[in-house]
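Asker: The structure is given below, and queries will be raised subsequently.
The values are calculated or read from the model by the stated rules, or taken from the named source; none is laboratory data. What you see is a predicted model; the values in this text were computed from it and never measured. Methodologically, a virtual Cβ is constructed for each residue, glycine included, from the backbone with ideal geometry; neighbour enumeration extends over all protein chains shown.
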Amino acid sequence: MAKQSTAKKTVPQKPLNVPQVAATKEKSAAPSLDRLIHERLRLGIISALAANDSLTFSHLKNLLNTTDGNLSVHARKLEEAGYISCTKFFEGRLPKTEYKLTAAGRIALEKYLSHMESLIKQMRNA
Amino acid sequence: MNPAPLPKSQPEPPALHDRAMDNLRYIRETMELATAFTGISGWGEIAIGVTALVASAIAAQQATFNAWLAVWIAEGLISLLIAGWSMDRKARVIKMPLGSGPGRKAVFSLTPPMIAGGLLTIMLVQAGLTNAIPGVWLLLYGTGVITGGMYSVKVVPIMGICFMTLGTLALFSPPAFANWFMAAGFGVLHLVFGAIIVRKYGG
């Protein structure tokens, strides 16, 4: 937990001379990380949808153990990026929202997976 | 140059490595949870639990062993129908064919111990060791649930372990308790775990 918070702080807000150069060099060396699905809940949404054809909002909410607000904010971000698609319909009188993973979303998850795997491999070889 | 030179060659290796592992684990767990969630029907298990309780009450009143066996074979067939129907229904709701993924896993992991159970039952009847049958059934069903549950949410293998524990107890208890073990296993355990699945994984 502590490590995560310090890691976030190392992203320089103001232009600093030396560290800035080092940071950009490091970034170009490694394939760029997909920030959009790096976030925990968004990664969870993508993973859950990768295992199913489609899931409704309430299924996803139960599955990921989160709140309505949180889920809708993050799902919208993924939708805007074209990673998931969203259809709204009525089941009787109840409005339902159904999410699906798009082809772009599946590719993004695969890229993310291979990125994580290459990180682990690098450490094994080092 | 006041600021300490950044360690370029080793960008905090253990943390990065651990986090990558953690991310992969999270993805896998979420996918597993998502498939289990859709594959197993908690309501189906509750229905099986109810019919098993009824069956154990009827079976307990039978005078002969053959009649007792017939009641449980009938209950077994009813349970299969309920399981098939409820999983099919759930698979339909989320538009996932029953033949793929969780449904197939459950069928594949439960079939071998059930065949073994059938053969052992015939053998035990022939050998006159009918008192061992409830224990053997509970044990074998438990093994099937554990192997099927390996791909599933944690409650499923836990249910299998409970079945195996009950089966073990049944094998080493006086035959007078046999009906109670059957009711506790196929009735109560299905009810309890079915309710947990309905509550935690939505239906």
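Asker: Residue under question is residue A:37, and the condition is that it be within 22 Å of residue A:111 (Cβ to Cβ), buried (at least 16 other Cβ atoms within 10 Å of the Cβ) and modelled with pLDDT of 90 or more; does it hold?
Answerer: Judged against the criteria, residue A:37 is not a match.
Asker: To continue, here is another question. Looking at B:67, B:55, B:106, which one is surrounded by 19 or more Cβ atoms within 10 Å (Cβ to Cβ), modelled with pLDDT of 90 or more and not in a loop (DSSP other than H, G, I, E, B)?
Answerer: On inspection, the qualifying residue turns out to be B:55.
Asker: Hey, residue A:51 hits all of (1) in contact with a Ser or Thr (Cβ under 8 Å, 6 or more places away or on another chain); (2) under 22 Å from residue B:18 (Cα atoms); (3) free of Cβ contacts under 8 Å to residues at least 40 places away in the same chain but one; which does it fall short on?
Answerer: Residue A:51 satisfies every listed condition except (2).
Asker: Quick one: how many residues across region A:94-118 are surrounded by 16 or more Cβ atoms within 10 Å (Cβ to Cβ), over 25 Å from residue A:61 (Cβ atoms) and touching a residue at least 12 places away in the same chain (Cβ under 8 Å)?
Answerer: Going through region A:94-118 one residue at a time, the tally reaches 1.
Asker: Just for region A:76-109: of the residues that are within 11 Å of chain B (Cβ to nearest Cβ) and among the acidic types (Asp, Glu), which one is farthest from residue A:33 (Cα to Cα)?
Answerer: A:91
Asker: Same structure, new question: Is it the case that region B:117-134 has a residue that's closer than 30 Å to residue A:51 by Cα and exposed (fewer than 15 other Cβ atoms within 10 Å of the Cβ)? Quick ask: steps written out before the conclusion?
Answerer: Within region B:117-134, the subset closer than 30 Å to residue A:51 by Cα is none.
No, that holds for no residue.
Asker: Mind checking whether some residue in region B:81-93 is more than 15 Å from residue B:145 (Cβ to Cβ), of a type in the set (Asp, Glu), at pLDDT 80 or above and part of a helix (DSSP H, G or I)?
Answerer: no
Asker: Another one. Out of region B:134-167, which residues are of a type in the set (Val, Ile, Thr) and in contact (Cβ under 8 Å) with a residue 40 or more places away in the chain?
Answerer: Correct list: B:153, B:155, B:156.
Asker: So which of B:185, B:142 ends up being in a helix (DSSP H, G or I) and either more than 13 Å from the chain's Cα centre (by Cα) or within 21 Å of residue B:62 (Cα to Cα) (or both)?
Answerer: Numbers: B:142 fails: either more than 13 Å from the chain's Cα centre (by Cα) or within 21 Å of residue B:62 (Cα to Cα) (or both).
Going through B:185, B:142 in turn, just one is in a helix (DSSP H, G or I) and either more than 13 Å from the chain's Cα centre (by Cα) or within 21 Å of residue B:62 (Cα to Cα) (or both): B:185.
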